[in-house]
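The values are calculated or read from the model by the stated rules, or taken from the named source; none is laboratory data. Please read these numbers as outputs of a predicted model, since none were measured by experiment. So basically every Cβ, Gly included, is an ideal-geometry build from the backbone, and we count neighbours across all protein chains shown. Only protein heavy atoms, including side chains, enter the accessible area calculation; ligands, DNA and RNA are left aside. Shrake-Rupley method; radii C 1.70, N 1.55, O 1.52, S 1.80 Å.
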Amino acid sequence: MKCPFCGHQEDKVVDSRASADGRSIRRRRECLGCGKRFTTYEHVEEQPLMVIKKDGRREPFDRHKVLAGLVKACEKRPVGMEDLERLVDELERELSRQFEREVPSREIGERVMRQLHALDPVAYVRFASVYREFKDVEQFMRELQELRALKATK
Ligand SMILES: [Zn+2]
């Protein structure tokens, strides 16, 4: 590691310890050129989960974007921000467990819809109509009727 004081390339590690959460290691180094000490940190490189969009382009998973879609779908509905945050937390955990690097955007949409379905039927239909891009009014009505039937049996 290049010394920040004199630029010398060689040093020795005089102390090395893991951070409390175990996610990084702090090393105290002593320059073999000038003898001064400096600190370096070592982290695991975190790979962001990439979303494969419909047109094949990729972009990093953005929880704010998902949350914004949910907030919009839940406008004037009795769903708390906390519930939505929890939903996105859970989604993020699930995705990073099941997909190593890339996840199709469709997969995210389907999962969000499943969760939203349980949370609030109206918000679900709103979200679904944007996400699934209902091909026609009939499809949309069918979905609504299914929901009504579901509600009636409860
Ligand atoms: Zn030095």
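Overall form of segment 30-88: oblate. Here a/c, set by the Cα gyration tensor axes a ≥ b ≥ c, is 1.5 or more, and a/b is not larger than b/c.
When the Kirkwood radius is taken over all Cα pairs of the chain, what Stokes-Einstein diffusion coefficient follows at 37 °C and 0.692 mPa s, in µm²/s? Estimated diffusion coefficient is 168 µm²/s. Taking 4.7 Å between C-beta atoms as the pairing limit, the chain has these partnerless cysteines: 74. Rounded to the nearest 10 degrees, the inclination of helix 81-98 to the longest alpha-carbon principal axis of the chain is 70 degrees. Ignoring ligands, DNA and RNA, please state the percent of accessible area on the chain from carbon and sulfur, probe 1.4 Å. Percent of accessible area from carbon and sulfur atoms in the chain: 49. Relative to the longest principal axis of the C-alpha atoms of the chain, give the angle of the C-alpha long axis of helix 63-73, reported between 0 and 90° and rounded to the nearest 10°. On a 0 to 90 degree scale, this one is about 20. Solvent exposure of the chain amounts to 72 Å² per residue of accessible area, where only protein heavy atoms count and the probe is 1.4 Å.
What do you get for the angle between helix 105-119 and the principal long axis of the chain? Use alpha-carbon atoms, 0 to 90 degrees, nearest ten. Taking the Cα atoms of the chain, the angle to 105-119 is about 60 degrees.
Pairs of Cα atoms nearer than 8 Å and 6+ residues apart set the relative contact order; for the chain it is 15 percent.
The helix-based estimate of mean residue ellipticity at 222 nm for the chain, built from -39,500 (n - 2.57) per DSSP H run of four or more residues and divided by its residue count, is -15000 deg cm²/dmol to the nearest 500.
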